[in-house]
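**Q** Please read through the structure below; I'll follow up with questions.
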């Protein structure tokens, strides 16, 4: 059996142990590297489910929009702290953001999409329109 190993787009010839930081889930933009959350997409008879792993955030950090059949999930988080002591002042700040976009199939009922953020996972339920749901199997008798 042969194992497939995904190499980094930035450093394709380096062994994986040296390139974990520069993983394929990184996005380069404005001179910065930022992590894009992994997404799981499932489909069943009634709906699509999208899950994004985004720990350490608050539900107020997310922005979810639909425009022209595209579902866009973005996040922006800013943190600042300042400590003033007698001999020094320390001020630290952190900024993180991401942007994911998904083309919605025509079978999704866009007015009934729901989102929930719990335990570091953003979960969206995208219900299907009634006419797009599978009909139960029906046996036809021969006369």
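**Q** Which of the residues belonging to region 52-64 are in a strand (DSSP E or B) and either touching a helix residue (DSSP H, G or I) at 6+ places or on another chain (Cβ under 7 Å) or buried (at least 16 other Cβ atoms within 10 Å of the Cβ) (or both)? Give the derivation first.
**A** Initially, region 52-64 is screened for residues in a strand (DSSP E or B), giving 52-53, 62-64.
Correct list: 52, 62.
**Q** Can you name the residue in region 66-88 that is loosely packed, with under 13 Cβ neighbours inside 10 Å and in contact with a strand residue (DSSP E or B) (Cβ under 7 Å, 6 or more places away or on another chain) and is also nearest to residue 52 (Cα to Cα) among such residues?
**A** 70
**Q** Which one of these does residue 113 not meet: (1) surrounded by fewer than 15 Cβ atoms within 10 Å (Cβ to Cβ); (2) modelled with pLDDT of 90 or more; (3) over 15 Å from the mean Cα position of the chain (by Cα)?
**A** Only one criterion is unmet by residue 113, namely (1).
The values are calculated or read from the model by the stated rules, or taken from the named source; none is laboratory data. Since we're looking at a predicted model, the values are computed, not measured. Heads up, the Cβs are rebuilt from the backbone with ideal geometry, glycines too, and the neighbour counts pull from every protein chain shown.
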